[in-house]
Each structure stands twice: as structure tokens, then as C-alpha cells.
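Chemist: There's a structure below that I have some questions on.
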Amino acid sequence: MEYNEVNRLSRLTAILTQFQAKRVVTASELSQKFQVSKRTIYRDIKALEKAGVPILTEEGKGYTLMEGYRIPPVMFTEKQANALILAEQLVLKNKDASFVKDYSEAIDKIKSILRYNLKDKANLLANRTQFNEVLEQERNSNNLSDLQNALTNYNLVRMQYINKEGGTTNRLIEPFAIVNSENWYLIAWCRLRKEFRFFRLDRIQKMEVLSENFKPHNLTLQEYFDQYH
């Protein structure tokens, strides 16, 4: 399959998610979000319609999905939906870009399965809830999601790391745990130093998750702190 076809398929799927996450979506909004022309969006919508997606046009407002098109596999109460929206705002304060991206996409998928009345209320709450810190928040790392996968799949990680003195070293590590205290830290067995070390995620310059696995460390996080701290 050609790149353009894969790219378009990915966009069509994302557009469908947007339709399910919001009550009404405009062509301008979709055009800005996916960085394509309105003409491209119109073609995409026609493609979805031909595929059997019941997209309705609300005059002067935009596009919406026919009520009941997708039966939610999970039902949230209004308070549960509100808690998720608040959690999203807290996540937006996070310093790791990959974590923010993955959580925001997950929230879009969760919104897509809400009933219309809860969806409207959830979007209203999202628009009316804001932390000042979120607007100014700088992302200083982009590795958290990959490190989570490496940790759970016991994959070795090769990285270029800058220590607190400013020196650069190449490390081969076995991810063990991830903790947060103002910044994200990775606890890992360092094969260079032959001991457990703390690594600040914002000091990782380059990183590669390897296909090679390591033997799991059979201790809990609490046992680690009891034994080493």
C-alpha cells in the first residue's frame, strides 16, 4: 500500500473518531486539525459516507453522526465522565510529550463511546476547565510511552544520556520502574555501572528500544526501595 493511501486511511479513522467524540464537527475544524484543505476533508467525508457511515449535515453548524450509529460498549456515569475530563487537564501539565499525546488520544476514544447527552456535557466541561499552568507548560521529554512498553515487555534500551555534570555517556539499561517527582525518572539496571540507577527522562538525548530481552528483576518497587535506599 502506498504511503498516501496509508496516510489517508489513518486520517479517515481519526476523522471518524472526531465525529464520535464530538456532537458536531466542522470542515474547517477538521482541516486545521489534520493540516489538509477543506476540499480534501469533503472528499474524506464522502468516502466515509460511501463506506456506510451515516453522516448528517446540520445546516449552518457542521457534520454529525446519526444518533445510535455506534452502541457504546462501555457506559460511563456523568460523574465518571467528568472525572476523566478533569484528569485530562491534569495530564496536560505533564512534562512528557508522548504521555500527553497518548492520553489525549485515549480520551478522544472514550468520548467517542459516550451517549450524546454525556458527550455534550463532557465537551462543555472540557471547555470550561483550565489550569493556567497548562497553557505555559513546556514539554521536556518524549520517551515515557516507549519506556513504559520497554518496561512491561522486558526490552533492553540503548540511550545517550547526559549526567548532572553535563557529561554524555552511552548506556545499555534494563528498565525496572518509573517514578515522578517534579520530573519523570526511570529506575533501571545499568549494564555500564552494574547497578540500579536513576535516570531523568529529560536528560535522555537519544534512545532506542531494542528487540533483545532481559531477565525480569524479581522484586517489587517497595522491595527495591527497602533494599537500596
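The values are calculated or read from the model by the stated rules, or taken from the named source; none is laboratory data. Treat the numbers as computed from the prediction; the structure is a model and nothing was measured. SASA here: full protein model, heavy atoms, side chains in, ligands and nucleic acids out. Shrake-Rupley method; radii C 1.70, N 1.55, O 1.52, S 1.80 Å.
Chemist: What figure in square angstrom, to the nearest 10, would you give for the accessible area of GLU105 with a 1.4 Å probe?
Modeler: Looks like 90 Å² after rounding.
Chemist: Go through LYS79/LYS111; LYS101/LYS215; LYS79/LYS119; LYS38/LYS61; LYS33/LYS111; LYS79/LYS101 and tell me which ones have a Cα-Cα distance over 19 Å in this structure.
Modeler: The answer is LYS101/LYS215; LYS79/LYS101.
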